[in-house]
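Values in this text are rule-based calculations from the coordinates and carry no lab data. Bear in mind the structure is a predicted one, so any value in this text is a computation, not a measurement. All Cβ positions, even for glycine, are placed from backbone atoms using ideal geometry, and neighbour counts span all protein chains on display.
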Amino acid sequence: MGKRALLSLLLGLVSSFILSCATKPVVHEQAFILIPHSQELAIGNRAAAEILKKEKLVKDPRYVKRVERVFKRLLKALPPKFRKLYEWKVYVLNNPQVNAFALPNGNIFVYKGLLDFVKDDDELAAVLGHEMAHVILRHGAEKISWAMLAQLGENLLLSQVSPVNRSLAAELYDLGVNVAFLLPYSRKQEKEADIVGLLITTRAGYNPEGAIKLWERMVSRFSGQEPPEWLSDHPASKERLDYIKKVVEFLRKHPQYVEKFEIPQKLLEVD
Ligand SMILES: [Zn+2]
């Protein structure tokens, strides 16, 4: 592909973004999303297949049944629209790390190490609700879009797409599959996922204090040593803990937001 063709593709993508600027659900924030929903699902499916090729699943029902029970209850608490949009499924990976992550198609991966760490269902619901929130808020698609734009810019500068026999679309698709689970989320995305995660757990009838207890234990358990995977992507700062406490308090006082599955702008602006 020549430089001109790349440039027009880039301009096309950017103008289509400007014309149809996506707005994230629930938080109603503007989002930079270049890929359609169908692509989110396709990229998520591909990434899931690659993970399942490399990692072993836990078969022990004490782990699997527990995760599925909490996950199902959270899923039932979502407004039907969000239940239908994704291919919701939870996997337990046989890995001692304290970690969990979500793919843009709604597949969520929880590590055995995290299940050994959480004390009760309220804490487990806090992790799962947070990961589900990343999916609903299309944070994966946002990460992928930024990476695609960067890749397009780089190709434009080098004025080539390599290897020659591959199309740019295929290259961007592969990039998306990697970005879907390798790149961390931004701080803003984490904040949004914290709030919407609390909305989900509260709707499902779990105690939102579970999130506070979980973060407090994460901070004290891992302070002064190398943080586990989930913590390195989710910095357990005092600020984050304070913010989560404020959100829990706000939702307790304003249950109408839990009911509506909406977040007022002012809550996102609180430090
Ligand atoms: Zn997160």
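Using the Cβ atoms and a cut-off under 9 Å, what net charge is assigned to the surroundings of F109, where Lys and Arg are +1 and Asp and Glu are -1? If you can, show how the numbers build up before the last one.
Working: positive: none; negative: E55, E131.
Spelling it out: positives minus negatives among the neighbours equals -2.
With a cut-off of 19 Å, note down the residues of segment 38-53 whose backbone N falls inside the zone around a label point 7 Å from the Cα of N94 toward its beta carbon.
The answer is 49-53, whose backbone nitrogens lie closer than 19 Å to the label point.
Can you put K54, K188 in order, fewest other beta carbons within 10 Å first? Numbers along the way, then the final one.
Working: K54 7, K188 13.
Sorted ascending by nearby Cβ count, the order is K54, K188.
Sorted by average packing, counted as other Cβ atoms within 10 angstrom per residue and highest first, what order do 64-71, 121-128 take?
Details: 64-71: 17.2, 121-128: 25.0.
Per-residue mean Cβ counts within 10 Å order the peptides as 121-128, 64-71.
Name all residues of segment 205-224 having a backbone nitrogen under 14 Å from the label point set 7 Å from the Cα of K65 along its Cα→Cβ direction, giving them as ranges.
So the set is empty, nothing qualifies.
Order by neighbour count: F82, F32, fewest other Cβ atoms within 10 Å first, most last. Let's see the in-between values first.
Values: F82 18, F32 14.
Ascending number of Cβ neighbours within 10 Å: F32, F82.
Mind checking the full-extension length gain between A49 and W146? Use 0.36 nm per residue of separation minus the Cα-Cα distance, one decimal, nm. Walk me through the numbers on the way to the answer.
On the way: separation 97, 0.36 × 97 = 34.92 nm, distance 2.33 nm.
Contour length minus the Cα-Cα distance gives 32.6 nm.
Using the basic label-point model (7 angstrom from Cα toward the beta carbon), what is the S167 to E239 distance in nanometres?
That separation, rounded to one decimal, is 4.4 nm.
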